[in-house]
């Protein structure tokens, strides 16, 4: 139903209510006016009847007194006069002249119970219940009373008029009049009012429909404009000629259309840009060699790229919306710790771990986990980037072997020089004993000592030279550093370098692969020695770092490293040495990371370099935990 139709109905109903109210008021006023007119007429008739009755009664009494003395000759004349002056005759003529008068009764109020006490008229319309009370009230007030009542099943008007004759007993005249003239007049008046109201209502309905159309025409224009806006057309304008609220609304809608058109164009441009960026990002993600999958906080898969499908074997249709169980049980605690760190505010987690593929095989991967935040800064999902480390680990193993061979080659000269000294001693003592043809116990002890020294040097050299299985054990790092010092001590003397060591007096136990740590310490010490071509001191400190870590520091007095070069240390094939590869430091850092430790370098040009290696501390000696992988030590 349209607003125009609703508005015309409301206006018509309002007009109908007004017309109905007018008809009711007209009915009430007409009824009251007719009743007042009827009462006035009846009072007038009653007074005329009362006057005529009083006159006739006076004449009647006078004639009746004189009738006895004049019986002779003209008795018939007095009899006719009595009939003409009789109250009954006047009542009958009044009833005949006004057919709406139904009954006229004259009576004494106190004597009406006896029908013989009626002065004149009849008492056919009996109303014994109220007549005594009403007649008494009329007599007491001295005014007439008019009452609308029903007598003998007929609606009538009953009028009581008190009469107070001179020197006679007061009486009442009761006039019963039909209610039909009043009803007929009221009905006629109501019919006229209804007819006029119907005509007026038709005019109002037609006019209200036209007027409603004119009133809502601006609303229709606004509705048309809003429909155009909803369909995306912001060019149409509302012609505003009004200065009222509708005109103001039209102007505001035009302004809103201008703003919406402007912002819609901007949104279209931004949406196109976002679409291009989205397609580009999706293309980049799908073309990336790293496997990417996004999960919610309940670990359900939200999205994966092609590299993930290729690496793990599942396609997106299989796993999106499900929880993928591809984390080995032994790594569950590790993953829980990652999630805890992310929830505590860590920006990302990077670690090497193991995952299970669809076909059941295990793959070594490097995983980076980063949180995705919503507008309120709350974590809503996690993005996981996996990289297959199988080939990378093989390459690192080859690099470690190459670096180890290079280290062994560099150590060969020092070891040969170190062995030549005790060999020279042995040769000299053997020649002396050969000439003397006797065995000197002192010479024998010295020779055995030198042989033991040669055996120790060769053993340390073989640790780096021959392949061995990776086996983590609990070792005292003080002795590991001491073995490395013994191995390089002779070479240090050749370059006028002195090792100055400061070890903790209490045991410093770590869970490590000792051969790998020795390789790291040898690499660091040789770099320190090469940084001191003029000789000097290298300080070695092995002590507690804090309650959970042990610190090994190598402090040299070399040339130092500039900040620019310091930032690039550890990158593959970056070196300042003429015959270096830049892989030794990188491999050393990886070995320390594999031991859950940290490798830090602090240096300044002209002031030397400090290398600090921190390793997790084992507080109590435990049974060795060996993991043999069959791989060679790098």
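The values are calculated or read from the model by the stated rules, or taken from the named source; none is laboratory data. This structure is a prediction, so every number in the text was calculated from the model and none was measured. As a convention, Cβ positions derive from the backbone with ideal geometry for all residues, glycine included, and neighbour counts pool all protein chains shown.
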Does residue 215 satisfy being part of a helix (DSSP H, G or I), at pLDDT below 75 and surrounded by fewer than 16 Cβ atoms within 10 Å (Cβ to Cβ)? no
Just checking, which of 197, 178 is in contact with a strand residue (DSSP E or B) (Cβ under 7 Å, 6 or more places away or on another chain) and either at pLDDT 80 or above or buried (at least 16 other Cβ atoms within 10 Å of the Cβ) (or both)? 178
In the same structural domain as residue 122 (by TED's automatic domain parsing), touching a helix residue (DSSP H, G or I) at 6+ places or on another chain (Cβ under 8 Å) and assigned to a strand (DSSP E or B) - does that describe any residue in the stretch 175-194? yes
With respect to residue 430, is the statement that it is in a helix (DSSP H, G or I), at pLDDT 75 or above and either within 17 Å of residue 515 (Cα to Cα) or not assigned by TED's automatic domain parsing to the domain that holds residue 487 (or both) true? no
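Out of all the residues in the stretch 607-634, which are modelled with pLDDT under 80 and either under 23 Å from residue 533 (Cα atoms) or surrounded by 13 or more Cβ atoms within 10 Å (Cβ to Cβ) (or both)?
631, 632, 633, 634
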One residue is enough: does the stretch 537-550 have a residue meeting the conditions crowded, with 20+ Cβ neighbours inside 10 Å and under 59 Å from the mean Cα position of the chain (by Cα)? yes
Go through 90, 59, 150 for me and flag whichever is closer than 18 Å to residue 173 by Cβ and at pLDDT 70 or above. 90
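For the structure I just gave you, tell me whether residue 522 is crowded, with 17+ Cβ neighbours inside 10 Å and assigned to a strand (DSSP E or B).
Here the answer is no, as residue 522 does not meet what is asked.
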Residue ID - nearest to residue 611 (Cα to Cα), chosen from residues in the stretch 541-557 that are at pLDDT 85 or above and not in a strand (DSSP E or B): 556
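So that you can scan it fast, the table gives a plain yes or no per residue for (1) under 27 Å from residue 326 (Cβ atoms); (2) modelled with pLDDT of 75 or more; (3) assigned to a helix (DSSP H, G or I):
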site	(1), (2), (3)
340	yes, yes, yes
368	yes, yes, no
387	yes, yes, no
394	yes, yes, yes
407	no, no, yes
412	no, no, yes
Of all residues in the stretch 125-158, which are more than 24 Å from residue 180 (Cβ to Cβ) and part of a loop (DSSP other than H, G, I, E, B)? 128, 142, 143
Take residue 171 and tell me if it is closer than 18 Å to residue 42 by Cβ and surrounded by 12 or more Cβ atoms within 10 Å (Cβ to Cβ). yes
Quick one: in the stretch 510-519, which of the residues that are crowded, with 19+ Cβ neighbours inside 10 Å and assigned to a strand (DSSP E or B) is modelled with the highest pLDDT? 510
Conditions (1) modelled with pLDDT under 75; (2) under 29 Å from residue 500 (Cβ atoms); (3) outside any loop (DSSP other than H, G, I, E, B): number failed by residue 567: (2)
Residue 528, sole failed condition from (1) surrounded by fewer than 22 Cβ atoms within 10 Å (Cβ to Cβ); (2) closer than 18 Å to residue 557 by Cβ: (1)
Just to be sure before I move on: is residue 103 out of contact with any helix residue (DSSP H, G or I) (no Cβ under 9 Å at 6 or more places or on another chain), at pLDDT 70 or above and within 18 Å of residue 162 (Cα to Cα) in the structure I sent? no
Filter pass, residue 246 being modelled with pLDDT under 70, in contact with a helix residue (DSSP H, G or I) (Cβ under 7 Å, 6 or more places away or on another chain), assigned to a helix (DSSP H, G or I) and closer than 30 Å to residue 8 by Cβ: yes
Between residues in the stretch 348-376 that are free of Cβ contacts under 8 Å to residues at least 12 places away in the same chain and residues that are assigned to a strand (DSSP E or B), which pairs lie under 9 Å by C-beta distance while being six or more apart or on different chains? 373/379; 373/380; 374/380
Filter the stretch 221-243 down to residues that are modelled with pLDDT of 70 or more and closer than 30 Å to residue 15 by Cα, then give me how many there are. 3
Residue that is modelled with the lowest pLDDT, among those in the stretch 314-325 that are exposed (fewer than 15 other Cβ atoms within 10 Å of the Cβ) and assigned to a loop (DSSP other than H, G, I, E, B): 325
